[in-house]
Each structure stands twice: as structure tokens, then as C-alpha cells.
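Below is one structure, written out as C-alpha cells; the observations come after it.
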Amino acid sequence: MRKTLLLIAVLLFAVSGFAQVNYNNFNGYAPYWNPFGNPNTATYGETFTAPNSPNTNLADFGFYMAGPQTAGNIELGAYIATWTGTHAGNLLYSSPEYNYPNTGNAEIQFNTGGLQLTPGANYVMFLSVSQYYGQSSGLSFVSSGSATIPGGGFAYYNNAGNFSELFTNGWDNYGLTPNWAVNLDFNSGSGSTPEPGTLALLGTGLLGAIGYMRRKLL
């Protein structure tokens, strides 16, 4: 019995290397809110709370867009920042310039390269055209999502081409429903591929379990 419990503990420890947390409130493409882009609302965001677990490394995140209101590409950037309760705080991630084709019903996804967040802290993920204001004319609706994102709430700011205002002024509105449909993938920091040590430990545990069960059956 003691050997069986030991083997189970080894296996559980090894499998924990695969653990991930996913936030995803997408429930089908559903256009909502006023169109995003130039010259309309320059910044749309969704607040969230980081998991209270070891899996607080944000690997990637995405936004579900809905149909276009006005045809044309949208030059934008994607960002992660701390959330003060009224506006963005410290900027933690900024994507390269992204040319969204604005064809509708699509997820825009960004890889952070590994962004360590604080468990239980509040953040905002957002798209903004303000750093590229006037470079495109397309306008897009965004897709609404369910209210299942921890700490989630839709937020927006008509900051036009003034990017710095996002971090000094209260946004026009925040904590709104329906939420924006978004997707966030968290892990423990080792990435989605287990480390060699984790694989070796898992293999040892599996071989031990098989050998033990064979001896019990003989």
C-alpha cells in the first residue's frame, strides 16, 4: 500500500509539469459595442485577474473580433498593463505593429515570450490604434463573450493618438458587460513543452507503476 501511494505521488508530481490555466469566454462570434479603430474609439480592453496558482506566466493572449463596420485594414498594437481600477498602470507587454485585415470573425493572438504576472493581481489586455493613429481607416466590431473571465470587464478609451493618456487619465468607461471575448494561456513558466527532467521523472514513475502492477498480478 505504501509503495502504491509513493508511485501515485511521483506520477502526480511529474504530471504537474504539464499544468496550464486557460481563460476563454468565447461563445460564438457576436458583434457588440461601437466600432473599434480610427477615427472611432482608439482603445478597447478587457480587465482580468491573474490566477492564484503557480501558473501565472502569461504565454499568449488573444481577442475575438467580429464583423467589420467599415472595410479596410486596421493598424494596431496589443498590450498588457497593470490595472489601477480606473486606467492602465505599468506597461508590461507591447506587441510589434499588427496589420489586422478586418475581414471579420477572427481571433487576433499574440505570443508574449513569457510574461510573469503576480498571482491575484489585476491587469488589462487591450488593443489600441493610438500609436498608429491616422494610418488606417477600417472599423471593426468586437465579439462579446460570457462573464467568466476572473476580474473581467470591458473597458474603452477615446484617446485618439495620445497613447500616454492610457496611463494617466481615467478611461471613458470600464467594468462593463458584456465582456469582450478573449483568450489567455498561462503556465508555470517552463512553457507548454515539459523540461527533460519532468519527462524523465514521468517515465520513471510510469515504468515503476507498470512493474509494480505486474508483480501484483503474478
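The values are calculated or read from the model by the stated rules, or taken from the named source; none is laboratory data. Worth saying up front: this structure is predicted, and the values here are computed from it rather than measured. Note that we place each Cβ from the backbone using ideal geometry, even for glycine, and neighbour counts take in every protein chain shown. These accessible areas exclude ligands, DNA and RNA; they are computed on the full protein's heavy atoms, side chains included. Shrake-Rupley method; radii C 1.70, N 1.55, O 1.52, S 1.80 Å.
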*What FRET efficiency do you get for GLN116 and ASN27 if R0 is 22 Å and r is their Cβ-Cβ distance, rounded to the nearest 0.05?*
0.15
*Using amide H atoms built 1.01 Å from N in the peptide plane, name the residues 5+ places from THR112, or on other chains, whose amide H lies under 5 Å from its own.*
ASP60, PHE61
*Which residues' amide hydrogens lie under 5 Å from the amide hydrogen of ASN159, considering only partners 5 or more residues apart or on another chain, with H built in the peptide plane?*
ALA42, THR43
*Could you look at the range 121-180 and say what percent of its accessible area is carbon and sulfur, using a 1.4 Å probe and all protein chains?*
44
*asked:* List the residues, sorted by chain then number, that are 5 or more residues from GLN69 or on another chain and whose placed amide H is less than 5 Å from its amide H.
replied: LEU139, SER140, PHE141
_Need the C-alpha centroid separation for the range 134-172 versus the range 39-90, integer Å._
7
